[in-house]
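As structure tokens, the structure follows; a few thoughts come after it.
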Amino acid sequence: MKVPLSWLREYVNVDLPAAELAHRLTMAGVEVGEVIEMGGWKECFVGQVLTKEPHPQADRLSLCRVSTGSEEMEVVCGAPNVAAGQKICFAKVGAVLYNSHSGKQEALKPAKIRGVVSQGMICSALELGLSEDHEGIVVLPDDAPTGMSLDSYLGDTVLDLELTPNRLDCLSVLGVAHEVGALTGQPVREPDISYPEDGPAISSQVSISVADPDLCRRYTASLITGVKIGPSPRWLQERLTKAGYRPISNVVDVTNYVMLEYDQPLHSFDYDRLKDHTVIVRRAQAGETLVTLDGVERKLTPDVLVIADAHDPIGIGGVIGGANSEIGPDTVSVLLESATFNEHNNRETAQGMNLRTEATLRFEKGLRPELAPIALRRATQLIQQVAGGQIAEGIIDVFSGEAASPQTVGLSTERLKKLLGMDIDLETVERVLQSLGFHCQRSGPGQVEVTVPYWRNDINIEEDLVEEVVRIIGYDSVPTTMLSTPIPSQQTTPMTSIVGTVKDALVAAGMQEVISYPLVSGADLHRVGLFDEAEPPLRMANPMSAGQEYLRPTLRASLLATLAANEGHSEGPFRLFEVGRVFNPNGGELPEERDMAAGVLSGRRWDPSWLVDDSTLDFYDAKGPIELVMDDLGITCVFEPVDDPFFHPGRCARIFAGKEYLGIVGEVHPSILDRFDLKAQPVALLELDLPAVLQSQKGISRQFKSLSRYPAATRDMALVVPAGVPAAQVQEIVSSHRLVERVELFDVYSGENIASDSKSLTFHVFFQSHQRTLTAEEVNRALQGLLRTLEQQVGATLRA
Amino acid sequence: MTQPTSQSSAQSVQELVDAAAGELAGINDTDSLEAWRVAYLGRRGRLTLFLRGLAQLDLEERRVAGALGNQAKGRLEELLDERSKSISEAQLTRSASEDRLDVTLPGRPLVTGRLHPTTQIMREICSAFIAMGFSVVEGPEVETDHYNFEMLNIPLGHPARDMWNTLWVDQQDEAGNYPMLLRTHTSPMQARVMESTQPPVRVVVPGKCYRYEATDATHEWHFYQVEGLAVDVGITFADLKGTLFEFARRLFGNERKVRFRCDYFPFVEPGVDMSIDCFACNGEGGGCRICRDSGWIEIMGAGMVHPRVLAGVGYDPEKYTGFAFGLGPERIAMLKYGIEDIRLFYSNDLRFLSQF
Ligand SMILES: [Zn+2]
């Protein structure tokens, strides 16, 4: 909403600098996005189009001679609405204008357009920064003085409001004036809306009925006969232009003007085109159609409220008019409509037709019915003023409700204190509310009954009034206190804690956290082989792109894609992890959201350095972080070899804690890497199912183990075992001996001197007792015992 | 061998000390020094033997010569110590010039991991509220229309729904509506928490949110929010101010000022947004890019929980009051770290992530 200060001043004195006014409005909830200083158009003048000829080489362009009073110039113009005789905004070479192609302010240079030199430009509203309108050029009123600088003719200060959906009232200049009045302590002058009613009674000339009062609470109309359609006077055109509207013709301009002044959308019909001079407000009948003002033929359904004459629809109520009743150059009698349409139906109709108009923008928010006759009278007065004619006596007012009873809401100082935490006396409350146009009546000690003015549709409950009071007196006046109520006993959810621990452990393991979009492409899910055709992942009804179509059932796809993207500009090392949710469909219910942790590791193991080797990351680099996570959580887990089509055969393990499946780790299958165009191989991937991890961690609490006061004896044990025996099994046997405190596997070897079906495992074994110092003999006996057990259980022998 | 007398003893001890000292002066390495020690002070060293030979003297002579001998021993040990120190110092000096390290070479590389900047800032935000007695809870990212909108006083057809462009899950009900969506804010957890708990309530809800929106430098369709909610008997707007002021000081420094202005969210009344004075220009404005000259930076929306929201979850709005707030961690990270494009957060470019 654009509010020119010159217009605003008609209703309220503004003594503050524009920036200060904008600040106060913004703080009170009417945000001023920008204070536009309209002007600064150097080298721009009011010009007149003398002649218009077609461009010899381009159909869409025309060649115009433009006078600026002192000189005449030849320009090329592409606007469809340019015509000889028009007063226009003319920019000479050197003017700085908005260029819609580059999106920047640029100085106008001499240009040759299709062989013809253009010595300037006839400007659109967009080029001048007046509005977004770039459909055609700005046409100035005929009395605009040719040669006057545009700054002196059009210059103004305009507040560009960015309104929240509740502040419908500030979609009108009067609404803003009330706000300014309250914020600056100035009285508001509402327009005088009286006029002479010297025509015959309207009731004898038109018949109006509302068949569906649930969709149209109030319908008011007036009739002006003998009008002369033509351009609006300068003041009207100027105000509309500054507010971002293109003037069209006097009657239509008035309806737009009054909408901007009062908020109420109005519609004008050509009275003589209404069959039987009858208006019926009713639901459309199935099969009816209407060509609307935008030239589109619309099929109507009974959900749509139409304005009809005796036979056919002539407009869609509160949305758009029909071409069959449109005001034209020859119109002599105008039937003016000002109605209150149902906000829900209006919104649905507009959405169904994909047609959001300035009217629906207001109706869908629910205008007060008290407003309709006020705006009707204002517009009737102005039409007669700018287009002449005679106003019929009286208005039609079909109001299905009880009398127009304004909204009333009670407010107590007790409630104010309870919500704000401060005392505000009743006098202050009344003063603030009255300055906003509310009417207050004391209804008890510390209580007022407040009548809401017709322009405010957003005040319905006591809390709304509390906000009115505090936003005007300012939030700075509210004290600042700390919560003094007891701290509730709620606990942070266990999953939140586990997620934190897992992230910290993976970071400690040297991994970088990434966060990717939970919406993925079907193609990527097929690439990782995890698109379940039987139970497909949840799809978006309105995906923004094919790349963001499905709710991910796995973190693997985005991790591999992230890896591939980073391979483009780095050689690693890549150690990436993500902790996030995957989504499993759950019939018609909300999906199961499972927190997962997953990581990928690939590329060189170290950043290149003179101190390290050039080895690459592999399976064991992915296993290490898992061991760290489990150690941090106090979970004992085992790794069981498994073949899984996602992973390289023989290089994958499932992770269990007891019977609980915790996750998987392995090197990704080379064919999957190819599908993601990954260069570095191998890529190791780990995945942990966090609900299972949480389950396994339940009941685990760390217990201190006392330190032995006696020294440990160390023995190295080099074993040869059959190649198929897992190292973990050997280690398990050794560490379960009662005198063994700790075992370290420090060498794994196969090759020379070892039979090809065997491997060598070498351990440091630490023997220690909590009761005494072990003798050499005891330790040797224990070692011999261990060797016998190992030979029996896994066929181990001592390496020669 | 003549019988030593105290006089001759004194003379020979002095000779021995002189000889030893003279020899020591020429010694420059630890091996020779050890040989010298053995030659004079060892078990069969000259001074040791001399002292042993005193046993044959009479008592008085032995006393005098013994004292001289022990003095000589002390002197030689002193000399040995001095020499030993000077030799090791000389050796260090030598090795420093011969085996000098190039201290400018890079150190042994470590494997370092990092949390995503969003995680870091979310933790910082949550800790500030945890310190004020809030606990952390999380909710579903796929929500129902019911919780995302209706329970928040945004019924079907409400014009305020336009404030949230929604991504809908492709499952329709009998009426042809989409009942499931990706939550557009973390606010649905307000209703979920209150439905499952009796007052008092004091929680923060971090989590992902989604909007059907074209992305640009300041808009992402996928982003995080931290929602806060406190409900009890006697909670006021003044408490909201105090809580958020304390939060702003913890995140942006003790000297920060805050400012509230009226704003609209259908689930609070009164509704506000909070700004802090700009930490980049200390609220001066003038040419500051962070606050775009205003001196103030908007950081979150807040307000008193709307009575319809309280009534909707079965809380008595006459008895209980509360406040709610919501903020975007990316925006705060952008302000703190000077990041100019929000799209960097979730494109997972390591050149970006490794900077935090
Ligand atoms: Zn600043």
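The values are calculated or read from the model by the stated rules, or taken from the named source; none is laboratory data. Note that the structure is predicted; figures quoted are calculated from it, not measured. Neighbour counts are summed over all protein chains in view; Cβ atoms, including those assigned to glycine, are modelled from backbone coordinates with ideal geometry. Surface areas here come from the heavy atoms of the whole protein model, side chains and all, with no ligands, DNA or RNA. Shrake-Rupley method; radii C 1.70, N 1.55, O 1.52, S 1.80 Å.
Given 4 °C and 1.567 mPa s, how large is the Stokes-Einstein diffusion coefficient of region A:224-366 in µm²/s, with Rh as the Kirkwood radius over Cα pairs?
83 µm²/s
Along the Cα-to-C-beta direction of A:ASP276, a point sits 7 Å from the Cα; which residues of region A:293-319 have their amide N less than 17 Å from that point?
Once the point is set 7 Å along Cα→Cβ of A:ASP276, A:306-315 turn out to lie under 17 Å by backbone N, inside region A:293-319.
Can you pull the mean other chain C-beta count within 10 Å for peptide A:505-517?
Going residue by residue through A:505-517 and averaging, the value is 6.
Roughly how tilted is helix B:237-252, in degrees to the nearest 10 and between 0 and 90, from the longest Cα axis of chain B?
For B:237-252 against chain B, the angle is about 40 degrees.
Quick check: residue separation of A:GLN681 and A:THR501 times 0.36 nm, minus the Cα distance between them. What number comes out in nm?
61.8 nm
Mind ordering A:641-647, B:167-173, A:771-777 by average Cβ neighbours within 10 Å, highest first?
B:167-173, A:641-647, A:771-777
In region A:27-52, what residues drop by 50 Å² or more in accessible surface going from the chain by itself to the full protein assembly, probe 1.4 Å?
Those are A:MET27, which lose 50 Å² or more relative to the chain on its own.
Mean 1/r over all different Cα pairs, inverted: what Kirkwood radius does region A:104-262 give, in Å?
19.9 Å
Return one whole number: the accessible area per residue of region A:522-561 in Å², for a 1.4 Å probe.
Computed with neighbouring chains in place, this is 39 Å² per residue.
Where Lys and Arg each count +1 and Asp and Glu each count -1, what net charge lies around B:GLY253 among other residues with Cβ under 12 Å from its Cβ?
Net local charge, B:GLY253 excluded: +3.
Need one value for B:189-201: mean number of C-beta atoms belonging to other chains within 10 Å of its residues' C-beta atoms.
Shielding by partners across B:189-201 averages 1.
Mind checking Rg over Rh on chain B, alpha carbons, Kirkwood formula for Rh?
Using Cα coordinates only, the ratio equals 1.53.
Give me the distance in nm between label points sitting 7 Å out from Cα along the Cα-to-Cβ direction at B:ALA280 and A:ILE700, one decimal.
4.6 nm
Please work out whether region A:127-217 counts as rounded, prolate or oblate from its C-alpha gyration tensor, where a ≥ b ≥ c are the square roots of the eigenvalues and a/c under 1.5 means rounded, while otherwise a/b larger than b/c means prolate and anything else oblate?
Prolate is the answer for region A:127-217, as a/c is 1.5 or above and a/b outweighs b/c.
Which whole-number percent is the relative contact order of region A:408-476 (Cα, under 8 Å, 6+ apart)?
38 percent
Using the scaling law 2.2 N^0.38 Å as the reference, what is the normalised Cα Rg of region A:44-154?
Taking the Cα Rg and dividing by 2.2 N^0.38 Å, one obtains 0.97.
Rounded to a whole number, what % of the accessible area of region A:408-476 do carbon and sulfur atoms account for, probe 1.4 Å?
About 45 percent, which is the carbon plus sulfur part of the accessible surface.
Report the residues of region A:1-44 in range of a label on A:SER149: point 7 Å along Cα→C-beta, backbone N strictly under 19 Å from it.
Hits in region A:1-44 for A:SER149 at 19 Å: A:37-44.
Using only the alpha-carbon atoms, what does region A:370-450 span along each of its principal axes? Please give whole angstrom values in decreasing order.
Over region A:370-450, Cα extents along the principal axes are 59, 29, 18 Å.
Could you tell me the total accessible area buried at the B-A interface, probe 1.4 Å, in square angstrom to the nearest hundred?
By this definition, chains B and A bury close to 7800 Å².
Please find the FRET efficiency linking A:ALA201 to A:ILE248, where r is the Cβ-Cβ separation and R0 is fixed at 45 Å, and quote it to the nearest 0.05.
0.90
Mind checking the angle between helix B:6-25 and chain B's longest principal axis? C-alpha axes, 0 to 90 degrees, to the nearest 10.
Once rounded, the angle reads 50 degrees.
Evaluate region A:713-798: find the radius of gyration of its Cα atoms, find its Kirkwood radius, and give the ratio Rg to Rh.
0.99
Before rounding to the nearest 500, sum -39500 (n - 2.57) across all DSSP H runs of length at least 4 in chain A and divide by the residue total; then give [θ] at 222 nm in deg cm²/dmol.
So the calculated ellipticity at 222 nm is -7500 deg cm²/dmol.
Around A:GLU393, which amide H atoms from residues at least 5 apart in sequence, or from another chain, sit under 5 Å from its own amide H, with H modelled in the peptide plane?
Close amide H contacts, sequence-distant or interchain: A:GLY199, A:ALA201, A:ILE202.
P(r) of the protein assembly as shown in 20 Å steps, Cα pairs, percent per bin?
9, 27, 28, 17, 10, 6, 3, 1, 0
Listed highest first by mean packing, meaning other Cβ atoms within 10 Å per residue, what order do A:756-767, A:375-386 come in?
Those peptides, ordered most packed to least, come out A:375-386, A:756-767.
Considering Cα pairs under 8 angstrom that are at least six residues apart, work out the relative contact order of region A:472-621 and quote it in whole percent.
Relative contact order here is 19 percent.
By per-residue mean of other Cβ atoms within 10 Å, what is the highest-first order of A:609-621, A:665-677, A:58-70?
So the peptides A:609-621, A:665-677, A:58-70, ranked by packing, come out A:665-677, A:58-70, A:609-621.
With springs only between Cα atoms under 10 Å, which of B:GLU195, B:GLU98, B:GLU141 fluctuates most in a Gaussian network model of chain B?
Comparing B:GLU195, B:GLU98, B:GLU141 in a Gaussian network model of chain B, the most mobile one is B:GLU98.
If R0 is 35 Å, what FRET efficiency do you get for A:GLN792 and A:ARG772 from their C-beta distance, rounded to 0.05?
The computed FRET efficiency comes out at 0.75.
Given Cα pairs under 8 Å that are at least 6 residues apart, what percent is the relative contact order of chain B?
About 14 percent, as a whole number.
Which percentage, to the nearest 5, of the DSSP beta bridges contained in region B:117-353 is antiparallel?
The antiparallel fraction comes to roughly 95 percent.
Applying the Karplus parametrisation 6.51 cos²θ - 1.76 cosθ + 1.60 with θ = phi - 60° to the phi angles of region B:196-213, what ³J(HN,Hα) value in whole Hz is obtained for each residue in order, glycine and proline being reported as x?
Once θ is set to phi - 60°, the couplings for region B:196-213 become 9, 9, 8, x, x, 10, 8, 10, 10, 10, x, x, 7, 9, 9, 9, 7, 8 Hz.
In Å², and per residue, what accessible area does region A:258-350 have when probed at 1.4 Å with the other protein chains present?
Spelled out: the 1.4 Å probe surface of region A:258-350, per residue, equals 35 Å².
Would you please give the residues with an amide H less than 5 Å from that of A:ASN586, counting only those at least 5 places away or on a separate chain, with H modeled from the backbone geometry?
Residues meeting the criterion, in which the H sits 1.01 Å from N, are A:GLU592.
Take every DSSP beta bridge whose two residues both sit in the protein assembly as shown, then give the antiparallel share in percent to the nearest 5.
Counting only bridges with both partners in the protein assembly as shown, antiparallel ones make up about 95 percent.
Could you state the number of Å between the C-alpha centres of region A:625-656 and region A:233-296?
That distance is 72 Å.
Going by Cα centres, region A:521-564 and region A:670-710 are how many Å apart?
Distance between centres, Cα-based: 24 Å.
So which lysines pass the test for A:LYS503, namely a Cα distance under 20 Å, with those fewer than 8 places away in the same chain ruled out?
Within the straight-line cut-off, A:LYS503 pairs with A:LYS623, A:LYS698, B:LYS208.
Which Cys residues of the protein assembly as shown have no other Cys Cβ less than 4.7 Å away and so no disulfide-compatible partner by this rule?
Among the cysteines of the protein assembly as shown, those whose Cβ sits 4.7 Å or more from every other are A:CYS44, A:CYS64, A:CYS77, A:CYS170, A:CYS216, A:CYS440, A:CYS637, A:CYS652, B:CYS126, B:CYS209, B:CYS262.
Can you tell me the orientation of helix B:59-98 relative to chain B, as the angle in degrees between its alpha-carbon axis and the longest Cα principal axis, to the nearest 10?
Helix B:59-98 sits roughly 40 degrees off the main axis of chain B.
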